[in-house]
Amino acid sequence: MKIINITGEKFDLLDCSESNIFFEKFSEGEMFKLKIWGVTLMHELGISEKDSYIVATSDMVFEDVVYIVMNYGIYADDQGTRFVNNMDGHDTHMKLELGKKHNVFNCKEYNIGGILGRNIGYAEFKVYCRGNVELIFNEKALIDAKDFCLNTEKYRLS
């Protein structure tokens, strides 16, 4: 397993927009972990000379987390092209807040968006933490990101 520090500006060298994101429990001031299938690593991270895609589940670990906001919508179809509507016919987007917002001083905000769970919906997370952020993954699961783009169904979470 490879562990890379993605704290601060390095975090922006990841793309999870096509990823499946699973999250575990949260306790304020502790570690928060996202399990993510399909993270794209930009070549600027120094992992590879080209952008890479991880065809496996990685752990994204945030240390000393004080507040999390998750905005999400639930898919209304299997293709993930529409969201569930409310009674007025508008997309229903929900918000989940964990921790206390007033504790975000001296925190770094990290934004991540991707497919929620096993294609349940789409979620955008804002994680406020004071510690490091690490990505833990299997180097043997790396492929060229171009290969993923050319054959997404082969490499997506099934």
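The values are calculated or read from the model by the stated rules, or taken from the named source; none is laboratory data. A quick note: this is a predicted structure, and the numbers were derived from the prediction, not measured. FYI the Cβ positions are ideal-geometry reconstructions off the backbone, even for glycines, and counts take in every protein chain you see.
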| message | When you check E30 against the structure, is it surrounded by fewer than 16 Cβ atoms within 10 Å (Cβ to Cβ) and within 17 Å of K108 (Cα to Cα), yes or no? | response | yes
| field | N119 more than 23 Å from I4 (Cα to Cα), in contact with a Lys or Arg (Cβ under 7 Å, 6 or more places away or on another chain) and either part of a strand (DSSP E or B) or in contact (Cβ under 8 Å) with a residue 24 or more places away in the chain (or both) | value | no
| message | Where the second residue is part of a loop (DSSP other than H, G, I, E, B) and of a type in the set (G, A, S) and the first is over 15 Å from E134 (Cα atoms) and in contact (Cβ under 8 Å) with a residue 40 or more places away in the chain and lies in region 1-25, which pairs have Cβ atoms under 7 Å and are six or more apart or on separate chains? | response | E18/G38; S19/G38; N20/G38; N20/G117; F22/G117
| said: Among the listed residues V127, V104, identify the single one that is under 25 Å from G29 (Cβ atoms), modelled with pLDDT of 95 or more, aliphatic (A, V, I, L, M) and out of contact with any Gly (no Cβ under 7 Å at 6 or more places or on another chain). | reply: V127
| remark: All conditions in (1) surrounded by 14 or more Cβ atoms within 10 Å (Cβ to Cβ); (2) under 22 Å from the mean Cα position of the chain (by Cα) are true of N103 except (2)
| task | May I ask you to say which residue of M70, M31, M42 is farther than 19 Å from A145 by Cα, aliphatic (A, V, I, L, M) and more than 14 Å from the chain's Cα centre (by Cα)? | result | M31
| note | Residue hits (region 40-55; part of a loop (DSSP other than H, G, I, E, B) and either surrounded by fewer than 17 Cβ atoms within 10 Å (Cβ to Cβ) or of a type in the set (D, E) (or both)) are G46, S48, E49, K50, D51
| remark: Cβ pairs under 7 Å, 6+ apart or interchain, first in region 86-113 and closer than 17 Å to Y67 by Cβ, second β-branched (V, I, T) and loosely packed, with under 12 Cβ neighbours inside 10 Å, ordered by first then second residue, are none
| Does K146 count as assigned to a helix (DSSP H, G or I) and touching a Lys or Arg at 6+ places or on another chain (Cβ under 8 Å)? | yes
| query | Given (1) modelled with pLDDT of 95 or more; (2) farther than 28 Å from F26 by Cβ, where does Y53 come up short, assuming only one miss? | reply | (2)
| Condition check for N111: within 13 Å of the chain's Cα centre (by Cα), modelled with pLDDT of 95 or more and surrounded by fewer than 16 Cβ atoms within 10 Å (Cβ to Cβ) | yes
| request: Output the residue which, of all residues in region 1-39 that are aliphatic (A, V, I, L, M) and part of a strand (DSSP E or B), is modelled with the lowest pLDDT. | output: M31
| query | Restricting attention to region 71-85, which residues are touching a residue at least 12 places away in the same chain (Cβ under 8 Å) and loosely packed, with under 11 Cβ neighbours inside 10 Å? | reply | D78
